[in-house]
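No value in this document is a laboratory result; all are computed from the given coordinates. All of these numbers come straight from a predicted model, not from anything done at the bench. We place every Cβ from the backbone using ideal geometry, glycine too, and count neighbours over all the protein chains shown.
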Amino acid sequence: MNIEWSVLGEVALVSVLLTIALVGLFTVGIVTGANQGGAAAAGRPRLGAALSRVGGYACFALCAAAVGYGIYLIAF
Amino acid sequence: MEHITLLIAIVIVTALAFDFTNGFHDTANAMATTISTGAMKPKAAVAMSAVLNLVGAFLSVEVARTISGGIIDESAGVQPEVIFAGLVGAILWNLLTWLAGLPSSSSHALFGGLIGATIASVGLDAIHGDAVVMKVIVPALVAPLVAGFAAMAATRLTYRVARNTDERATSKGYRAGQIGSAALVSLAHGTNDAQKTMGVMTLALIAGGVLAPDSDPPMWVIASAGIAIALGTYLGGWRIIRTLGKGITDIQPPQGFAAQTSAATTILASSHMGFALSTTQVCSGAVMGCGLGRKGGVVHWSTARRMVVAWGLTLPAAGIIGALGALLAEQGTWGVSAVLALLIAGSIAIYVRSRKEPVDHSNVNDVNGVNDAQPAEAAPAESGPEPAPVPLQVTITRTAPAGRAGEEPSVPDQPTTTV
């Protein structure tokens with residue numbers, strides 16, 4: 001019986017880290033979007049708001065890329 | 001396909017029936033948390049999952065030439081009767097666990113049925129024990145731990161990052177993200193599981209001399225397998241969706257997103273790295289993990305325990321039904337007819353039983369009614385206060401001791417005793 005513990009360990013590590021990274025990114029994206037309304041009401045500088053919006057979009061774009069890669073993995 | 005014998009035709013129809021049960025049994029994996037957080041309406045969720053399963057069935061160019069991934073030595077003379085008996089074991093176990101509302105692995109049921117039928121017909125030598133451990137047992141043990149830990153860590157993280165935001169503003173985003181993860185799980189399911197059925201059908205056609213050895217599945221095989229799994233998915237295994245979405249823990253949108261993303265990531269990463277973890281165990285583990293990750297989240301361990309018992313029983317139970325089926329089916333035409341008759345009778349009995357406490361899209365998230373009915377009726381079953389349909393407890397208390405004691409006749413008797 002030869003159980004490939006190293007592969008198993010890698011699978012576990014990659015799964016956990018990727019999940020945390022993706023959930024983290026997406027949450028940052030949501031938070032920047034959700035704070036938009038609050039920031040405008042509080043009269044925060046426009047530059048900061050614009051920067052955080054760009055950052056939020058970047059997070060979503062990375063998540064979308066991950067989904068695209070997932071579809072690629074399924075199909076090929 | 002000029003001369004398909006009656007036996008081959010029966011095997012093909014049975015394979016499609018298994019594919020159908022596979023679809024509705026596994027809808028919960030992709031859609032339970034999506035439905036329970038309200039990210040999608042129940043009907044819309046199963047419809048989307050069904051379409052993606054269908055697409056998934058056509059997507060892959062990798063052909064399922066082996067039905068069992070090396071677990072069974074298919075060159076040792078696997079007859080159509082054996083495949084048929086294995087499928088019967090898998091279908092009946094899938095239906096029983098559906099009746100109990102328990103998410104057990106359809107793939108394990110198929111492997112179990114085929115292993116049992118092969119042992120009864122060819123002998124133990126035709127089973128590769130190493131492959132059973134490596135491809136079934138280890139992945140099943142590891143999957144819930146990995147996905148559970150990932151979901152728990154991700155849930156903690158997302159609550160921490162979003163702690164200063166308005167919950168109503170963020171939940172919309174979480175739900176959207178969850179739909180994306182669920183879509184990936186559905187697509188992967190269509191590709192993997194529909195291919196298993198295609199492999200079974202192709203093998204039966206080769207065994208019957210209709211196709212040349214090493215043939216690819218014909219288009220009608222691919223199409224019918226895809227349609228069967230999509231129809232099953234659309235029907236929706238609402239009992240299992242309820243258990244997974246509401247029975248284990250109360251899932252909030254951030255948790256649902258974390259759980260579903262953990263499931264999608266773990267399934268895709270593990271299969272890509274050549275160590276595929278069991279989808280059902282991954283999804284169930286992720287749901288438990290997201291329950292542990294939220295402050296104040298409660299995991300109903302009694303439901304989780306019943307689920308784990310069902311996982312452990314899946315392989316042996318489907319195997320015993322498959323073995324008995326193989327012994328009977330090898331007696332010739334009357335034997336095959338008898339197995340077919342028992343399969344139909346068992347399926348009808350389970351369906352009739354399910355109608356006593358129907359669960360469908362209208363009451364899948366509605367656990368209050370069930371809770372109210374609990375104290376009076378569930379007490380003798382010595383189960384916890386989890387919101388589960390009452391028949392679940394009746395069925396599982398019967399099944400569990402039978403399997404633990406390992407008496408051969410008890411488990412396969414299930415479908416007939418419920419008549």
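Counts of other chain beta carbons within 10 angstrom of each beta carbon in peptide B:131-144 average 2. Semi-axis lengths, largest first, of the ellipsoid equivalent to the range B:6-413 are 35, 24, 18 Å, with √(5λ) applied to each eigenvalue of the Cα gyration tensor.
From most to least packed by mean Cβ count within 10 Å, the peptides A:51-63, B:33-45, B:233-245 give B:233-245, B:33-45, A:51-63. Shielding value for B:150-156 is 5, the average number of Cβ atoms from other chains within 10 Å of each residue's Cβ.
Packing, as the average of other Cβ atoms within 10 Å across residues, places the peptides B:207-213, B:264-270 in the order B:264-270, B:207-213, highest first.
Between B:ARG160 and A:SER6, the simple label model (points 7 Å from Cα in the Cβ direction) yields a spacing of 3.2 nm.
Peptide B:178-185 has a mean shielding of 3, counted as Cβ atoms of other protein chains within 10 Å of each residue's Cβ. For the range B:6-413, the residue among B:ALA150, B:LEU102, B:THR314 whose Cα projects farthest onto the positive side of the dipole built from Cβ charges is B:ALA150. Rounded to the nearest whole Hz, the Karplus-based 3J(HN,Hα) values (6.51 cos²θ - 1.76 cosθ + 1.60, θ = phi - 60°) of the range B:146-156 follow the sequence 5, 5, x, 5, 4, 5, 5, 5, 5, 5, 4, with x at glycine and proline. Summing Cβ point charges (Lys, Arg +1; Asp, Glu -1) relative to the Cα centre of the range B:6-413 gives a dipole of roughly 1520 debye. Charge tally around B:ARG175: other residues with Cβ under 14 Å, Lys/Arg +1 each, Asp/Glu -1 each, net +2.
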